[in-house]
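Worksheet: one structure, shown below.
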Amino acid sequence: MGNEMKVYDVTIIGGGPVGLFTAFYCGMREMETKVIEFLPFVGGKVSYFYPEKVIRDIGGIPAIAGEDLIRQLEAQAKTFHPTIVLNQQVLGVEKVEDGTFVLTSHTGERHYTRTVILATGFGALKSAKLELENACHYEQKSIFYDAIDTSLNWTDKHVMLVGGGNSTVDWAIKLLPLAKQVTVVHRKNEFAGIGRNITYLKESDATIWTPSVLDGLHGDDVLTSVTVKNLESGERQKIEVDAVLVNHGFSIDGGHMKEWQLEFVGSNISVDSGMATNIPGVFAVGDIVTYPNKLHLISGGFAEGPTAANSAKAYLQPGKKLKPLYSTTYEKLQK
Ligand SMILES: Cc1cc2nc3c(=O)[nH]c(=O)nc-3n(C[C@H](O)[C@H](O)[C@H](O)COP(=O)(O)OP(=O)(O)OC[C@H]3O[C@@H](n4cnc5c(N)ncnc54)[C@H](O)[C@@H]3O)c2cc1C
C-alpha cells in the first residue's frame, strides 16, 4: 500500500497550537497520527498574528514569545513522528462503508483515517494577495505575504514593504538592521499601529512612499523592479527591489465545514465533555469548539487535546478500558 493510501488512526485537521499539542498526545496514546495544515507553516494564529509577542498565560511558562512557543510545540508534537502535511486545506470529510474517513484537500489529494480531530480554529487564514496580474509568478521567490524569512541573508538586498498597519510597521523596523535598504509603500498618508513605532519608522533610514500603491512588477524569474504610483499626482516611478513583503490583511475561510453534517452553534462546533462531535469518530478541539464556559485560549485547548485523543483511542478499541497515562520517565535532560 503506497503511503498516500495509508489509513492513519487519527488525522488532525489544523496545525495551530492546539492541533500540535493534540498530535503529541495522540502519539502518547500510540496512534498513528497525521496533521494537515492549510498554511505553509504550523502554529495557527500564533504564528500568523503574533509570533513576536510575549505570551504569559501558559501554565509553567512565565513568559514566552509566540514563535518560541510554537517551536517547542512542534518539537513536542514530533516526539512520536506524526506525518505533517502543509499547504493543504481539507475541503471534504466523508465516512465510507467500512467506517474509514476520506478527507479531500483543495489540491485534490485524499487522506485516509479511522478518526478525525478538528483543530481548525476559526478556519483557514488566507492572506489578501496583491491585485497585480503577474504577482503569483513571483510568490515565495520575491514576493512574500505576511512574513519573510529573516534567517536568510538580506544584507545586500532592497526590501519593499506594502501596507500600512501594525504588521508593516513592525516588519519594517525588524528589517532595518538586516537589509541594505527598506522602503514602505502605503496607499494612505497615515499609518495605523503603535504610535512610538510609527514615529521610529518615520525617523529611520526607511524610504516611505505615501499615498502610493504598487502598479507594476518587472523581472523574469525573480523580481528586479516595481512601479510605484502616487495616488495624488498619478506619477509613476520604477524602483529596483529584491523582495516585496505584503501585509494587506487576511480573510478567514471556513471551507466547506458547514457541509460536513456537523452540529454547529453559530460558527462553532458543539462537542460533549469527551470532545466528541455529533459524528461518531469525529472529535474537535480548540477555538472551533463550543460548550458551556468554553475558554477560547491556548490553555483551554491544551486541556481539550488529551481528552479528544483519549476519546479517539477509546473509539478505536471499543470495550477496552483506557488506563490513565503519565509521561514521566527517568531521563537525564540536557540543561
Ligand atoms: C492577536 C491575538 C493575541 C492572542 N493572545 C493570546 C494569549 O496571550 N493567550 C492565549 O491563550 N490566547 C491568545 N490568543 C488566542 C489564541 O491564539 C487561540 O486561542 C489559539 O490560537 C487557538 O488555537 P487553535 O489551534 O484552536 O486554532 P488556530 O490557532 O486558529 O489554528 C487553526 C489552524 O487550522 C488551520 N485550518 C483551518 N481550517 C483548515 C482546513 N480545512 N484544512 C487545513 N487546515 C485548516 C488554520 O490554517 C490554522 O493554522 C490570541 C489571539 C490573537 C488573534
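Coordinate-derived values only; no laboratory data. The model shown is predicted, which means the values in this text are computed figures rather than measured ones. Every residue, glycine among them, receives a Cβ derived from its backbone with ideal geometry; neighbour counts consider all protein chains shown.
Report, in listed order, any pair from Lys141/Lys174; Lys126/Lys258; Lys78/Lys332; Lys34/Lys332; Lys202/Lys229; Lys258/Lys321 with a Cα-Cα distance greater than 22 Å.
Numbers: Lys141/Lys174 20 Å; Lys126/Lys258 18 Å; Lys78/Lys332 19 Å; Lys34/Lys332 29 Å; Lys202/Lys229 20 Å; Lys258/Lys321 34 Å.
Going by Cα-Cα distance, Lys34/Lys332; Lys258/Lys321 fall outside the 22 Å limit.
Could you give the nm distance between label points at Ile252 and Lys335, where each point is 7 Å from its Cα heading toward the beta carbon?
Taking the two extended label points, one gets 4.4 nm.
With +1 on each Lys and Arg Cβ and -1 on each Asp and Glu Cβ, and nothing else charged, work out how big the dipole of region 129-248 is about its Cα centre, in Debye to the nearest 20.
Values: 12 positive and 17 negative charges, 62 e Å.
In debye, rounded to 20, region 129-248 gives about 300.
On average over all directions, what projected area in square nanometres does the chain have, based on the convex hull of its Cα atoms? Intermediate results must be reported in sequence, preceding the final value.
Values: hull surface 85.0 nm².
With the hull built on Cα positions only, its mean projection is 21.2 nm².
Rounded, prolate or oblate: which fits region 80-234 when a ≥ b ≥ c are the square roots of the eigenvalues of the alpha-carbon gyration tensor, with rounded for a/c under 1.5 and prolate only if a/b beats b/c?
Numbers: a/c = 2.43, a/b = 2.19, b/c = 1.11.
Taking the square roots of the gyration eigenvalues as a ≥ b ≥ c, region 80-234 is prolate.
Subtracting the Cα-Cα distance from 0.36 nm times the residue separation, let me have the gained length for Ala128 to Leu297 in nm, one decimal. Walk me through the numbers before you get to the answer.
Numbers: separation 169, 0.36 × 169 = 60.84 nm, distance 2.56 nm.
Between Ala128 and Leu297, full extension yields an extra 58.3 nm.
Does a label point 7 Å from the Cα of Asp215, set along Cα-to-beta-carbon, have any residues of region 234-262 with amide nitrogen under 14 Å, and which are they?
Residues 234-239 fall inside that zone.
At 7 Å along the Cα-to-beta-carbon direction for both Glu52 and His81, put a label point, then send me their distance in nm to one decimal.
3.9 nm
Rounded to the nearest 500, what is the 222 nm mean residue ellipticity of the chain from helices alone, with -39500 (n - 2.57) per DSSP H run of 4+ residues and division by all residues? Provide the component values of the computation, followed by the final result.
Details: 7 runs with 72 residues, N = 335.
Theoretical 222 nm ellipticity from helices: -6500 deg cm²/dmol.
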